[in-house]
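Shown next, in structure tokens, is the structure this report addresses.
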Amino acid sequence: MPFFPRPVHHPREAMPVSSALRALIAERDQPRCAYCLTTEENCGLRMHVDHIIPEVAGGLSTLDNVCLACFSCNVAKAARQTAVDPLTGETVSFFHPVRHRWHDHFAWDERKTRILGLTTHGRATVAALQMNNDTMVRARRRWVSAGWHPPDTKKDYGTQGTNDPMRK
Ligand SMILES: [Zn+2]
């Protein structure tokens, strides 16, 4: 009997993000993940460009639909747009790094190694992106002891200042 290999799923080719757009995103988001705030300096890896509304769902490569994301958050989010809030069981949209303010939806725990979800969007995002996975918590522990973490909390993460038209 002939062998027919199963069709291989090729992930959709990412729409190229121009270097000009990438530079704008990096300037806005700083070199860190817009979800878990991991910095490029701490993890030693370049941030990915995440489409907040995934391209497969029609999301565009425009400044209001892209953000920087670490490998861990980016891979865990994949092409999803919603996740379940473990507290209420509600299915809600992910935290939106451009429209939402990070500190409205998340906080650091006392040791600054775990991210607490403060809202349905926050809790669902923490759970779905596994933002407190063991590897990351261990890494944050080291960053805290070195004084590299958490990032400057006086800054407004996730949104780009009061003149941001996307801000709600
Ligand atoms: Zn992240």
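Every number in this text was worked out from the coordinates using simple rules, so none of it is lab data. Computed from a predicted structure; not experimentally measured. Cβ coordinates were reconstructed from backbone atoms using ideal geometry, including for glycine residues, and neighbour counts include every protein chain displayed.
Some notes on this structure:
- Added length on full extension, which subtracts the Cα-Cα distance from 0.36 nm per residue, D109 to V84: 6.9 nm
- Residues L45, L63 arranged by fewest to most Cβ contacts within 10 Å: L45, L63
- Kirkwood radius, segment 19-146, all distinct C-alpha pairs, inverse of mean reciprocal distance: 14.8 Å.
- For segment 52-66, 3J(HN,Hα) per residue [Karplus equation, 6.51 cos²θ - 1.76 cosθ + 1.60, θ = phi - 60°, Hz, x = Gly/Pro]: 4, 8, x, 4, 5, 9, x, x, 9, 8, 10, 4, 7, 10, 10
- For segment 116-130 and segment 22-62, distance of Cα centres in Å: 18
- Taking other C-beta atoms within 10 Å as the exposure proxy, L21, L129, L60 rank L60, L21, L129 from fewest upward.
- Fewest-first sequence of M136, M47 by Cβ atoms within 10 Å of each Cβ: M136, M47
- The equivalent ellipsoid of segment 26-97 has semi-axes of 21, 16, 10 Å, largest first, where each one is the square root of 5 times an eigenvalue of the Cα gyration tensor.
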